[in-house]
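Peer 1: Just dropping this structure here.
Every read-out reported here was derived from the displayed coordinates using simple, explicitly stated rules and does not represent laboratory data. Predicted, not measured: the structure shown is a model, and the values here were computed from it. Note: ideal-geometry Cβ built from the backbone for every residue, glycine included; neighbour counts use all protein chains shown.
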Amino acid sequence: MASTTAKPATGKLGIMVVGLGAVSTTFITGVLMARKGLAKPVGSTTQYDRIRVGRGENKKYLKVDEIVSMPKLDDIVFAAWDVYPDNAYESAIHAEVLKKEDIEPVRDELLAIKPLKAAFDHNYAKRLDGDNVKQCATRWDMVEQLREDIRRFKAESGAERIVVLWAASTEIYVAPDMKYHGTLATLEQAMKDNETAYIAPSMCYAYAALQEDAPFIMGAPNTTVDIPAMWELADQKKLPIAGKDFKTGQTLVKSGFAPIIGTRMLGLSGWFSTNILGNRDGLVLDEPANFRTKEVSKLSTLESILVAEKQPDLYTNYFHKVRINYYPPRNDNKEGWDNIDIFGWMGYPMQIKINFLCRDSILAAPLCLDLCLLIDLAHRAGRYGTQRFLSFFLKSPMHDYTKDEVPVNHLFQQYVMLKNAIREMGGYEADEEID
Ligand SMILES: NC(=O)c1ccc[n+]([C@@H]2O[C@H](COP(=O)([O-])OP(=O)(O)OC[C@H]3O[C@@H](n4cnc5c(N)ncnc54)[C@H](O)[C@@H]3O)[C@@H](O)[C@H]2O)c1
């Protein structure tokens, strides 16, 4: 989408987060702590990266906010929805991601973030049983109530602009079905007809956000905005959308490591990824229908980096498997194992093992910040529709599958797309090629 230089980031930016669980509370607490100077926003591109602008003698390495006008962390105001009534302080303690000493200094601000009633349908996440839920006659009614929430928060907080971020549980897999998801008109009709099997609650959040002039980001692998009807709405309302699924642990490693195999012309016969995870996300993903959504997302990464059609000798028929195992003792501290079977000169086999002992929410929090700030930037720059430059942060980047468009999963190509877009929105030339 053609872009212009971004408008200045004046006033407050309202970030409304769907889900007030481990990721959201780690994100919010970190922002509140960072603006008091009590923590560093490590891992955040918008806060740390230096991007080259200009070439040769004129080149400079600038921080993102020196290239484009960006909100300060002080300019952000938060709201959230959740199925459980716990406020952000209680939820952060319950999540057990952060130590109490990293939460207490911002206790009062966290206590004030009380979740709005969720737009929820138990059939979409059977392991959740909270009662902080809206009573909705139809999906259309759900949309109306969410729109009202957004309007009220905007008025009460004085936010100039709103971004809506989904950091709630992974819903069961909803396959795109053109009868319902094909056009905006069919989607709206399905909402009015209360077609609950085809209209996930997340679609109501996204639809409500776009109707209220708020860009929408899907941080889970849910289908939600990855359907032609939502693309049509985003185009009509001139709003940016992004998704799906934060690229944090194993898939980050995969999209950064697969290029090593691909650039050295080594062959791949199999890649087996498994991990153990014990937080509420892991509990929800223990349900096969919810895991299916994640599996589709995680499997898509390799096939567009190591491509059989381009190198049939090296990448034909490799075996790719991904598993997530719910294992409560580890809570948010996920452990991932990757076993990679490669082959070299004359077909001789070799193995690579990667063991990543990560912290899921610690990796996801900076992505929440970057995605929210950058989609707001895109909005101010007049960009709309799917923001491919945000693929850098996403496991399963949205692409137009109705036109056989192939997503870019290669981490370093995604990084070039990101830098080029920031350059352009700052009025500089997008001068790097994607090879
Ligand atoms: N942490 C990571 O590395 C990572 C990476 C990629 C994607 N994700 C995704 O991010 C999401 C959040 O992860 P988490 O660890 O914070 O999970 P979590 O279970 O701690 O938090 C999710 C919260 O969402 C709430 N929720 C569920 N459905 C809702 C609805 N319809 N409306 C409002 N609230 C709702 C739940 O009650 C829960 O409190 C998950 O979908 C996860 O798959 C996380």
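Peer 1: Count the lysine pairs in segment 66-153 whose Cα atoms sit under 27 Å apart, keeping only pairs 8 or more residues apart in sequence or on different chains.
Peer 2: So the count works out to 11.
Peer 1: Taking θ = phi - 60°, what integer Hz values does the Karplus form 6.51 cos²θ - 1.76 cosθ + 1.60 yield along segment 405-418, in sequence order, with x for Gly and Pro?
Peer 2: The phi angles translate into 5, 9, x, 8, 10, 5, 4, 7, 5, 4, 5, 5, 4, 5 Hz.
Peer 1: In a shell of Cβ-Cβ distance under 13 Å around R127, excluding R127 itself, what net charge do Lys and Arg (+1) and Asp and Glu (-1) give? Intermediate values should be presented prior to the final figure.
Peer 2: Details: positive: K126, R280; negative: D129, E171, D281, D286, E287.
That sum, taken over residues with Cβ under 13 Å, equals -3.
Peer 1: With springs only between Cα atoms under 10 Å, which of A364, A125, A39 fluctuates most in a Gaussian network model of the chain?
Peer 2: It is A39.
Peer 1: Could you tell me the relative contact order of the chain? Use alpha-carbon pairs under 8 Å, at least six residues apart, and round to a whole percent.
Peer 2: Numbers: 919 pairs, mean separation 89.9, N = 435.
21 percent.
Peer 1: Applying the Karplus parametrisation 6.51 cos²θ - 1.76 cosθ + 1.60 with θ = phi - 60° to the phi angles of segment 173-183, what ³J(HN,Hα) value in whole Hz is obtained for each residue in order, glycine and proline being reported as x?
Peer 2: The phi angles translate into 5, 10, 5, x, 10, 5, 4, 10, 9, x, 9 Hz.
Peer 1: Can I ask one more? Using the Cα gyration tensor of the chain, with a ≥ b ≥ c the square roots of its eigenvalues, what is the shape: rounded (a/c below 1.5), prolate (a/b larger than b/c) or oblate (neither)?
Peer 2: Details: a/c = 1.34, a/b = 1.20, b/c = 1.11.
Rounded is the answer for the chain, as its axis ratio a/c remains below 1.5.
Peer 1: Please pull out the direction-averaged projected area of segment 250-357, using the convex hull of its alpha-carbon atoms, in nm² to one decimal place.
Peer 2: Working: hull surface 26.9 nm².
Its Cα hull, projected and averaged over all orientations, spans 6.7 nm².
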